[in-house]
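Below you'll find the structure, written out as structure tokens, and then a few comments.
The values are calculated or read from the model by the stated rules, or taken from the named source; none is laboratory data. All values reported here derive from a predicted model rather than from experimental measurement. No Cβ is skipped: glycine too gets one built from the backbone with ideal geometry, and neighbour counts run over all protein chains shown.
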Amino acid sequence: MLKSRFALAIIVLTLFLSSTVGYAAENEWKDWGFYSQIQGEGNSKYKAVYLTEEVYEHALPNLADLRLIDSNMHAVPFFIQQGQTLVEENELIYQSELAATKQENNDTIIDFKIEPLRENSDIIGNILLFSLPEENFLKHLNVEGSFDGLNWESVVRDIIYQTENIQKNEINLDKHYRYTYYRITILDNAEKIKLSGLKLVYRDASSTQLKYEKSTRLDYDISVEDRKSVITLNNPQQLKIKEIQLDVEGNFQRAYTLSDFNNRNIAADGSQEIYNLNFQNINISNSKIQFNKKPVSTEMITIAIANLDNPPLNIQDISVIYYLDKIVFEDNGTGSYRLYYGNPQAVRPQYDIDLFQSYIEKEKQDTLSLGIAEPINQLEEIPNKGIFAWLNWKIIFNGVIILISLMLIILLVKKLSKK
């Protein structure tokens, strides 16, 4: 009899502990501020979810507080596939020598012979880089290639130009060519513009990974002060901006500077100028500010455009392209999933699945979506109406179970002590 009563006490104690553990599991995530329901379905073993702007707004900038939770309130391992990846480029540069030049009507024909890097080595290239004269011009070019300097094949048509502050001296070929000779025909060259040099460049970006990008509009303000148009672009979500696109009317050529929330300079790719030159036979435009090498994720970007004595630019709209991240996880079959975020004290978790990214990325994945951000600290609504509708019945139920368990344990301990 004593043993049976002792066993009963153990059972009751176990029920007590299980109820408290269950309560703790649900409260393990109380320090997280938000969650988003993961929506969608599919039969693939692995699932992928692209992060939304709300996640970037409430999560840590390094995304260390992301947690994937299943229907049992257990954490599910995942890895983050970065949207922006560094690209390692291999570059070879070939010099050339002038082989021949002649004038046909208003066209200037120039032949260049490419010099191999080593004797008896192959020549391969996908970019032509020209040495431009000092004067301002814009010319249309016809490019042909040859292996022997006698038989020519059409390659590409493009333009090169130079103004006081901007130039285009590169022509990207549509693929890798192995020609030894290149013939450059400068069309309608009555001014007899000369190209004194040509380099053949081979750039290999085979290590480039897929980049996940999205376009959106951000709030902005424009003011005019001290002969400058100052654009304040707000980025509260701290999106990793790859490119800012300005929709500007008219002909213009303006320099600009960039700074962040703390008034520190930001470097953009290339020369920091925007321009639009639209005349007869001339159409040169660049109204994009690009950060391909290093995206910008500051909360605010200030663009100061130097107007000098010109009227302010007529800016119609501003949009941005930013890099997306996605999380990838293995479906454990426990039903619905939630993504938790918004915990400043969280530390990035370490999962084994991180080690298998390169393999999993080759597997088929179902792409799911994220719902809206829901605050975690709000009590779920109770469908019953009335005076008790605000009560959290799950907590009350657990409390009652705990109280009953304690009373039974005390009762059994008293009886056992009498024996």
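Quick notes
- The residues of segment 117-174 that are aromatic (Phe, Trp, Tyr) and over 19 Å from Glu191 (Cα atoms), listed by number, are Phe147, Trp152.
- Segments classed as strands (runs of 3 or more DSSP E), wholly inside segment 82-191, with at least 3 members that are crowded, with 17+ Cβ neighbours inside 10 Å: 107-114, 125-131, 137-146, 153-162, 170-177, 181-186
- Scanning segment 295-328 for residues that are touching a residue at least 24 places away in the same chain (Cβ under 8 Å) and in a loop (DSSP other than H, G, I, E, B) yields Pro295, Ser297, Thr298, Glu299, Asn307, Leu308, Asp309, Asn310, Pro312, Leu313, Leu324, Asp325.
Rundown of residues vs (1) within 30 Å of Glu330 (Cα to Cα); (2) at pLDDT below 65; (3) surrounded by 12 or more Cβ atoms within 10 Å (Cβ to Cβ), yes/no style:
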{"site": "Ser358", "(1), (2), (3)": "yes, no, no"}
{"site": "Glu381", "(1), (2), (3)": "no, yes, no"}
{"site": "Gly386", "(1), (2), (3)": "no, yes, no"}
{"site": "Ile395", "(1), (2), (3)": "no, yes, yes"}
{"site": "Asn398", "(1), (2), (3)": "no, no, yes"}
{"site": "Ile402", "(1), (2), (3)": "no, no, yes"}
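- Looking at segment 192-266, the strands (runs of 3 or more DSSP E) lying wholly inside it that each contain 1 or more residues that are closer than 30 Å to Gly125 by Cβ and out of contact with any helix residue (DSSP H, G or I) (no Cβ under 6 Å at 6 or more places or on another chain) sit at 197-204, 213-216, 240-249.
- The one condition from (1) farther than 30 Å from Ser96 by Cβ; (2) within 27 Å of the chain's Cα centre (by Cα); (3) surrounded by fewer than 14 Cβ atoms within 10 Å (Cβ to Cβ) that Lys240 does not meet is (3).
- Residues satisfying the stated conditions in segment 310-354, i.e. more than 21 Å from the chain's Cα centre (by Cα), over 27 Å from Tyr35 (Cβ atoms) and among the hydrophobic types (A, V, I, L, M, F, W, C): Leu313, Ile315
- Candidates Ile222, Ile244 - the one that is at pLDDT 90 or above, under 30 Å from Gly83 (Cα atoms) and aliphatic (A, V, I, L, M): Ile244
- Cβ-Cβ distances below 7 Å connect no pair with a first residue in segment 115-131 that is not assigned by TED's automatic domain parsing to the domain that holds Val143, a second residue that is part of a loop (DSSP other than H, G, I, E, B) and buried (at least 16 other Cβ atoms within 10 Å of the Cβ), and a separation of six or more residues or different chains.
- Meets criteria (crowded, with 17+ Cβ neighbours inside 10 Å and in contact with a Lys or Arg (Cβ under 7 Å, 6 or more places away or on another chain)) for Asp331: yes
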